[in-house]
Amino acid sequence: MTVERCSGSVEVVDPGPLSTLQDRGRRGWAHLGVPRAGALDRGAAALARRLVGGGPDDAVIETTVGGVVLRPHRAVTLAVTGATCVVRVDGRAVAHGAPATVPAGVLVSVGPAVTGVRSYVAFAGGIAVAPVLGSRSTDTLAWVGPPRLAAGDLLDLGPTGRLPEPPPAVVVRPREPVLRLRRGPRADWLDRTGWSRLDGASYAVAPDSDRIGLRLIGARLERRGGELASEGIVLGAVQLPPSGQPVVFLADHPTTGGYPVVAVVEDDDIDLCAQLRPGDEVRLRVV
């Protein structure tokens, strides 16, 4: 199959509240204090890439709550996944979670999230911005990588040529969101009573949750007193500050922290954190 070299671009007409470029993240730089970044809902981003025949490392647009409006300057195939939203091409609704070929010059509107928080827009060929430290991801903690999208930005597209892959089977999530926890490196900062309270506890998502961390509001967990030297933090680490309210660290988490990491969220459950809205209830289970 011949490969088409794409010199066209996509214009950002309205970036919404927060739209960034994300790929699979910036790995291997934590020792220099650089966060990993990458798509918060990895499964949704991967599905968007597959629907347009993209590669696993292609960059996509991640929107937050309010969507994004784009105008391609040439015909392009795109797909929108993640948070449920209305997708319109030149005012006409098109399917969410399916590829659509869009002619040059029309407006593509990815509407506000109806359920969930973050939507993903993938283009055939991927978004060809220059990588920074091996990744095209925007890190919102240290702002390493491409800046957040702004009105008037022009995004170049990479070469196309791959055939779209069939989407995987749909995973039906339970009605009540559940995050499974494994004991972390500082599990001993919670006593037996604390672990009993944590297992099965229901927490609400705090309004100040973001790409750095999912902040939870609920029953206060009493932890051991004392000071702790700064330590490395992994994706999904559950830190317990003096407030006793757990924080789940996500893609833009700092590389170190001074509060005890009492637990770590199962990797398969981290994508769920990307789509929990402020006020949503989530139950914690110790496994």
Completion exercise
(1) at pLDDT 95 or above; (2) more than 22 Å from LEU214 (Cβ to Cβ); (3) among the small types (Gly, Ala, Ser); (4) surrounded by fewer than 23 Cβ atoms within 10 Å (Cβ to Cβ) all hold for GLY116 apart from (2)
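Would you kindly identify the strands (runs of 3 or more DSSP E) lying entirely within segment 67-148 that contain at least 1 residues that are touching a Gly at 6+ places or on another chain (Cβ under 8 Å) and among the polar types (S, T, N, Q)? Even if it seems obvious, please write down each step before you answer.
Details: elements: 68-72, 76-84, 87-89, 92-94, 100-102, 108-110, 115-123.
Where strands (runs of 3 or more DSSP E) fall fully within segment 67-148 and carry at least 1 residues being touching a Gly at 6+ places or on another chain (Cβ under 8 Å) and among the polar types (S, T, N, Q), they are 76-84, 108-110, 115-123.
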Problem - segment 45-59 residues that are within 9 Å of GLY125 (Cβ to Cβ), paired with ones that are surrounded by fewer than 23 Cβ atoms within 10 Å (Cβ to Cβ) and among the hydrophobic types (A, V, I, L, M, F, W, C) (beta carbon under 7 Å, 6 or more apart) - result: GLY53/LEU163
Exercise for the section: Quick one: in segment 72-113, of everything that is among the charged types (D, E, K, R) and touching a residue at least 12 places away in the same chain (Cβ under 8 Å), which residue is least open to solvent (accessible area, probe 1.4 Å)? Expected result: ARG74
Handout entry: Sole exception among (1) crowded, with 21+ Cβ neighbours inside 10 Å; (2) among the β-branched types (Val, Ile, Thr); (3) touching a Leu at 6+ places or on another chain (Cβ under 7 Å) for VAL69, by number
Key = (1)
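Looking at ALA37, ALA45, which one is open to solvent by less than 30 Å² (accessible area, probe 1.4 Å), part of a loop (DSSP other than H, G, I, E, B) and at pLDDT 95 or above? Steps first, answer last, please.
Values: ALA45 fails: part of a loop (DSSP other than H, G, I, E, B).
Only one candidate passes the filter, namely ALA37.
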Practice task
Determine if segment 143-154 includes at least one residue that is within 20 Å of ALA274 (Cβ to Cβ) and touching a helix residue (DSSP H, G or I) at 6+ places or on another chain (Cβ under 7 Å).
Solution key: no
Fill in the blank from the handout: Just one listed residue, out of VAL287, VAL262, VAL282, is among the aliphatic types (A, V, I, L, M), surrounded by fewer than 22 Cβ atoms within 10 Å (Cβ to Cβ) and over 20 Å from LEU40 (Cα atoms), and it is VAL287
Practice task
Starting from segment 182-194, take each residue that is more than 25 Å from ASP268 (Cβ to Cβ) and list its partners that are part of a helix (DSSP H, G or I), counting only C-beta distances under 7 angstrom and pairs at least six apart or across chains.
Solution key: none
Handout entry: Selection count where residues are at pLDDT below 95 and touching a His at 6+ places or on another chain (Cβ under 8 Å), scope segment 200-233
Key = 1
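The values are calculated or read from the model by the stated rules, or taken from the named source; none is laboratory data. Keep in mind it's a predicted model, so treat the numbers as computed, not measured. Note: ideal-geometry Cβ built from the backbone for every residue, glycine included; neighbour counts use all protein chains shown. SASA here: full protein model, heavy atoms, side chains in, ligands and nucleic acids out. Shrake-Rupley method; radii C 1.70, N 1.55, O 1.52, S 1.80 Å.
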